[in-house]
Amino acid sequence: MQTLAQELIDQIIDALHISDAGSMKTCGLVCTSWMPRSRHHLFSSVSISRANLLPFVELIHASSLLILSFVRDLHLDYDGDPQWLWDLNWIHQCPNLGAFGLRLHCKVVDLEPIHPHIRAWADSGSISELSLIGEGIRLELAAVLDILADLPLVTSLHLEGSWSETTSPLPCPPNLHTLALFHDPDGGENFLSWLLSFPVVPRLRSFKCSGPVPYRHHESSMVWYLQRTGGDLQSLSLLFRERWGMELERDPFDALDLYRLVLPHTTSLRHFSFRFRDPASMCETLALLSAPTLESITIARLPNLYSPDNKVPWSVLDKALADPRFQNLRHLSVVTISKDGVETSLITSQTQGLMPLATARGLLGPRLQDRHIHIHA
């Protein structure tokens, strides 16, 4: 039997990983020449918790391969008990680590036990992406910034949860250009208030925000930040949901009001994503866009639970995108997003027939995966 070149085997495994990531375990058992590439994919993203830390350490010691060299994305699920963290010392040497995620549960009261491990990973790799998620917990934003200070090379930051206000003097990472906020009423706005406190406000290239629409008393953070720095943004994703019930007593923004305040300041956008409540609000939001550089737009329809009158006006949308302002547009996505974050495209062969102008321009084809940026709610 003729043996394939190793480069060709690696390319086959790479392609299989894209279509069926779960097959990597099987590939690693085929033969020794398949093992390195399959484990490269199998261990490129690792999630560590109290339950699986020791088995993972045992696997590292038993393997003839340097498994930690494959790890590029490391997630730590911390329940607040520092006792089991000692065994993290065995997995500090991740020389190719580029992304770190930390999920904090409601029992967490002190982040200090985690800092030595974060600094060790920062020293062994080049962490440029940081994700911090708080589940049922409200932490001092200063504690979050302490973690950020351990990772000076961070360029992309994802924050999810509730973070209190701070006057921390810690510097902002100098190369931070991407910020994603999945927030409660206060978490995201408090972080933006911290950014606004600098004499020279850090400027982003990509800003993503998902969650309930802010209250008006937070206008001095989110709105002010986007008004001051929106001209530098290349990607903007504002996927707000409307508030209801007792939340209305605190005077929330209408999402469209917020768009009116910030979109005129985003003159260099290439990618824009937003949710629409009804056909009229969708058309007015599109009318607010003035960036001639726009390449892709994602329109997310609110679930009927929030807005029953939210059918997509396909013909009206087709006419709106024919405006010369959208002459450089290359892709349009119209989706609905479930409560679990599952995204479903609403563009079908039938809807393409209702948008002849967009179809003729090729706007409704396959998504530009490498250039289109959006956010899940």
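The values are calculated or read from the model by the stated rules, or taken from the named source; none is laboratory data. Everything numeric in this text was worked out from a predicted model, so none of it was measured. No Cβ is skipped: glycine too gets one built from the backbone with ideal geometry, and neighbour counts run over all protein chains shown.
Condition check for Arg119 on (1) free of Cβ contacts under 8 Å to residues at least 12 places away in the same chain; (2) closer than 28 Å to Gly188 by Cα: one failure, at (1). Based on this model, can you work out whether Leu104 counts as in contact with a Lys or Arg (Cβ under 7 Å, 6 or more places away or on another chain), touching a residue at least 24 places away in the same chain (Cβ under 8 Å), crowded, with 20+ Cβ neighbours inside 10 Å and farther than 25 Å from Pro202 by Cα? No: the conditions fail for Leu104. Just one of the numbered conditions (1) modelled with pLDDT of 70 or more; (2) more than 30 Å from Ile147 (Cα to Cα) is not true of Val71: (2). The set of residues in the stretch 158-172 that are surrounded by 20 or more Cβ atoms within 10 Å (Cβ to Cβ) and either under 21 Å from Pro199 (Cα atoms) or more than 19 Å from the chain's Cα centre (by Cα) (or both) is empty. Among the residues of the stretch 289-320, those that are surrounded by fewer than 16 Cβ atoms within 10 Å (Cβ to Cβ), polar (S, T, N, Q) and either in contact with a Lys or Arg (Cβ under 9 Å, 6 or more places away or on another chain) or at pLDDT 70 or above (or both) comprise Ser290, Thr293, Ser315. Among the numbered conditions (1) among the β-branched types (Val, Ile, Thr); (2) crowded, with 20+ Cβ neighbours inside 10 Å; (3) at pLDDT below 90, the only one that Val154 does not meet is (3).
Residue by residue, here is whether (1) at pLDDT below 90; (2) assigned to a helix (DSSP H, G or I); (3) basic (Lys, Arg); (4) in contact with a Phe, Trp or Tyr (Cβ under 8 Å, 6 or more places away or on another chain) holds:
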{"position": "Glu58", "(1), (2), (3), (4)": "no, yes, no, no"}
{"position": "Leu76", "(1), (2), (3), (4)": "no, no, no, yes"}
{"position": "Gly80", "(1), (2), (3), (4)": "yes, no, no, no"}
{"position": "Leu97", "(1), (2), (3), (4)": "no, no, no, yes"}
{"position": "Phe100", "(1), (2), (3), (4)": "no, no, no, yes"}
{"position": "Leu130", "(1), (2), (3), (4)": "no, no, no, yes"}
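Just checking, which of Ile118, Ile91, Ile114 is more than 15 Å from Leu151 (Cα to Cα), at pLDDT 90 or above and β-branched (Val, Ile, Thr)? Within the list Ile118, Ile91, Ile114, the selection yields Ile91.
Looking only at residues in the stretch 107-131 that are of a type in the set (Ser, Thr, Tyr) and surrounded by 15 or more Cβ atoms within 10 Å (Cβ to Cβ), which one is nearest to Ile67 (Cα to Cα)? Per the stated criteria, the residue is Ser124.
Kindly indicate whether Val57 is surrounded by 14 or more Cβ atoms within 10 Å (Cβ to Cβ), of a type outside the set (Phe, Trp, Tyr) and closer than 25 Å to Ile9 by Cα. In short, no.
The set of residues in the stretch 25-48 that are outside any helix (DSSP H, G or I) and either closer than 23 Å to Gly101 by Cβ or at pLDDT 75 or above (or both) comprises Phe43, Ser44, Ser45, Val46, Ser47, Ile48.
Going residue by residue through the stretch 144-151, is there one that turns out to be closer than 20 Å to Leu170 by Cα, part of a loop (DSSP other than H, G, I, E, B), within 19 Å of the chain's Cα centre (by Cα) and not aromatic (Phe, Trp, Tyr)? The answer is yes, given that some residue of the stretch 144-151 is closer than 20 Å to Leu170 by Cα, part of a loop (DSSP other than H, G, I, E, B), within 19 Å of the chain's Cα centre (by Cα) and not aromatic (Phe, Trp, Tyr). Tell me, please, whether a residue that is buried (at least 20 other Cβ atoms within 10 Å of the Cβ) and assigned to a strand (DSSP E or B) can be found in the stretch 132-141. Yes, because at least one residue in the stretch 132-141 is buried (at least 20 other Cβ atoms within 10 Å of the Cβ) and assigned to a strand (DSSP E or B). On the stretch given as the stretch 321-355, residues that are buried (at least 16 other Cβ atoms within 10 Å of the Cβ), among the polar types (S, T, N, Q) and either under 16 Å from Leu289 (Cβ atoms) or in contact with a His (Cβ under 6 Å, 6 or more places away or on another chain) (or both) total 1. None of Asp73, Asp77 is under 23 Å from the mean Cα position of the chain (by Cα), of a type in the set (Asp, Glu), surrounded by 14 or more Cβ atoms within 10 Å (Cβ to Cβ) and under 16 Å from Asn96 (Cα atoms) except Asp73.
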